[in-house]
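**Q** Before anything else, here's the structure in question.
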Amino acid sequence: TCDGYQYKDRHTLVVGGGDTAMEQALFLARVCSRVTIVHRGSSLRASKAMAARVMRHPKILMLWNTVVEEFIKGDDGLLKEVSVLSMGSTTTLQVDGAFVAIGHTPNTELFKDLRRDDHGYVYT
């Protein structure tokens, strides 16, 4: 979300339901006019404390059981809309920016000689 300040007073979208997505949404809500979170499930994977902060925030809207179908650019080549699917119905949201936080693959190949867990994270 280091690009968040580029969206000052604009509508942004965050995709995900874990702690990283919630942290991004809370940060963006400090500078953006509105933040919409798209989450495919009916409950968050984020910690209860983080989820509670997000759910209380007046600038954050949560879209449950929803997935992104398409990012749509405008004539200028920039993001203009996002098509989302919820309960069999497709809706188009006008947004100025999107941040996707749906899983991580650790960049630890450089440390291939060190002991790593099943997900690739280095033991410390």
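**Q** Which members of region 60-91 meet the condition of being over 17 Å from ILE102 (Cβ atoms) and not in a strand (DSSP E or B)?
**A** GLY74, ASP75, ASP76, GLY77, LEU78, MET87, GLY88
**Q** Ok, one more. Applying the selection to region 78-103, what residues are over 23 Å from SER33 (Cα atoms), at pLDDT below 95 and open to solvent by less than 70 Å² (accessible area, probe 1.4 Å)?
**A** GLY103, the sole residue that qualifies.
**Q** Now, a different point. Enumerate the pairs (first residue in region 78-102 and over 14 Å from TRP64 (Cα atoms) and free of Cβ contacts under 8 Å to residues at least 40 places away in the same chain; second residue anywhere and part of a loop (DSSP other than H, G, I, E, B) and of a type in the set (A, V, I, L, M, F, W, C)) with beta-carbon separation below 7 Å, excluding pairs fewer than 6 apart on the same chain, so at least 6 apart or on different chains.
**A** LEU79/VAL95; GLU81/VAL95
**Q** Among (1) touching an Asp or Glu at 6+ places or on another chain (Cβ under 9 Å); (2) at pLDDT below 95, which single condition is THR12 missing?
**A** In the conditions (1) touching an Asp or Glu at 6+ places or on another chain (Cβ under 9 Å); (2) at pLDDT below 95, THR12 misses (2) alone.
**Q** Could I ask something else about it? Identify the residue in region 104-113 that is assigned to a loop (DSSP other than H, G, I, E, B) and open to solvent by 90 Å² or more (accessible area, probe 1.4 Å) and, among all such residues, is farthest from GLY17 (Cα to Cα).
**A** ASP113
**Q** A further question follows. If you scan region 22-59, which residues turn out to be open to solvent by 80 Å² or more (accessible area, probe 1.4 Å) and part of a helix (DSSP H, G or I)?
**A** Once the filter is applied, which keeps residues that are open to solvent by 80 Å² or more (accessible area, probe 1.4 Å) and part of a helix (DSSP H, G or I), region 22-59 yields GLU23, ARG30, LYS48, ARG53, MET55, ARG56.
The values are calculated or read from the model by the stated rules, or taken from the named source; none is laboratory data. None of these values were measured; they are calculated from a predicted model. Note: ideal-geometry Cβ built from the backbone for every residue, glycine included; neighbour counts use all protein chains shown. Ligands, DNA and RNA are excluded from the accessible area calculation, which covers all protein heavy atoms including side chains. Shrake-Rupley method; radii C 1.70, N 1.55, O 1.52, S 1.80 Å.
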